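As structure tokens, the structure follows; a few thoughts come after it.
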Amino acid sequence: MPSPIFPSSSNIAALLAQPPAQLAFVLPGLKRGSVGALISPGGTGKSYWALELAVAMSGGADADLTGLSPATGRVLFLSAEDDEIVLAQRIHAIARCLPEGVDAQRALARIDYRNCVSRHVDVMDSGWMKALSEAACDTQLVILDTLTRFHGLDENSALDMKRLLAVLEQLASESGATVLFLHHASKAAVMNGMGGAQQAARGSSVLIDNARWAAFLAVMTEAECRRFGIPFEAREQYVRWNVSKQNYAAPMADRWYRRADGGVLLPVTLTARARADVTADAPNIAPDVPVAPLAQDAHVAPDTPEMTETLLMPSPAMVYGPGTGSTRQAPRRGSRAPAAAVSIPSAKNAFGGNW
């Protein structure tokens, strides 16, 4: 076994003596040459969104359906879930959504799509890793769809996931490309409406802890339907995207997408409705514009915690916030008390036993 080579000391004085180089980003907050994750439940559209990202990077601003203005360049897309029949359907649907005058063939020219279905590609295998590193040369982005199909390790093992992330970091370092892996959210996160949380990913928390960037896709919730005036039966047509973890940029506002013909995700702006209009049928939607941040509820005290309705069953001890689709705790001692006494929640008596 060869002796380990410890890294040499960084010349801090030389680094301080010259202006630092600016960081290069592939997506907002996703640094070139780093490892990032895209997390969502199955069927939300992460593979479709990743393909739209590849088209945007390949074809430039005119072919950008993500609304995120990513860097341009070659993209290596490794798909172990969708074969070329599915790919053909999706690229035709995306091509129909491109602006008039955009050459779809040219927009797709810098996408290197590899059908890995049934190939058993294992990034932990030195042979596969060598082939992957060679294919990733001169690329801006490498997409692994989905991560669990590119290794045979235990995703619940912190030690195994540490080894896996180290290999992906090695791939990014050797190729100079950013590595974006697609991964599923845990069942618990999905059932509790926490798909946008930083630790929503299935398996060991090391997967996200060791990645430098993580984004998510989440279907619109019932509370969000009420806030934006979207009929509940149409909620699965709307998907929220944002970055739940980033180390190199400031937080950003949510981005909303609506499914078009063929399943293409197109950016829309959703504006919170006025309180008098929250039951109206027509949604507040504007196409192809980033979504604006939502205004705070001026009637909620800053120190009053809020709980999402999808997480807790309401009880007489809780009161609804007007038009927000959320519940708030009853007033504390010292404020105007409700007519009925408020019981202290516990695992035995809160919310009729549905704690």
| remark: Sorting 222, 233, 100 on solvent-accessible surface, 1.4 Å probe, most exposed first, gives 100, 233, 222
| request: Step through the residues of segment 14-22 one at a time and calculate ³J(HN,Hα) from phi using the Karplus curve (6.51 cos²θ - 1.76 cosθ + 1.60, θ = phi - 60°), rounding each to whole Hz and writing x for Gly and Pro. | output: 5, 5, 6, 6, 9, x, x, 6, 6
| field | Amide H within-cut-off set for residue 260, under 5 Å, with H built and near neighbours excluded | value | 265, 266
| request: Take peptides 202-215, 7-20 and line them up by average Cβ neighbours within 10 Å, highest first, as a rough protection proxy. | output: 202-215, 7-20
| note | For segment 48-124, dividing by residue count, accessible area per residue (probe 1.4 Å) in Å² works out to 48 Å²
| request: Leaving ligands, DNA and RNA out of it, rank 124, 129 by accessible area with a 1.4 Å probe, largest first. | output: 124, 129
| message | Could you report the accessible area of residue 23 in Å², rounded to 10, computed with a 1.4 Å probe on the protein chains as they sit in the structure? | response | 90 Å²
| query | Over segment 71-227, what percent of the accessible surface lies on carbon and sulfur atoms, probe 1.4 Å? | reply | 48 percent
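The values are calculated or read from the model by the stated rules, or taken from the named source; none is laboratory data. Since this is a predicted model, take the numbers as computed values, not measurements. Note that each Cβ is placed from the backbone with ideal geometry, even for glycine, and that neighbours are counted across all protein chains shown. Calculation scope for accessible area: heavy atoms of the full protein, side chains included, ligands and nucleic acids excluded. Shrake-Rupley method; radii C 1.70, N 1.55, O 1.52, S 1.80 Å.
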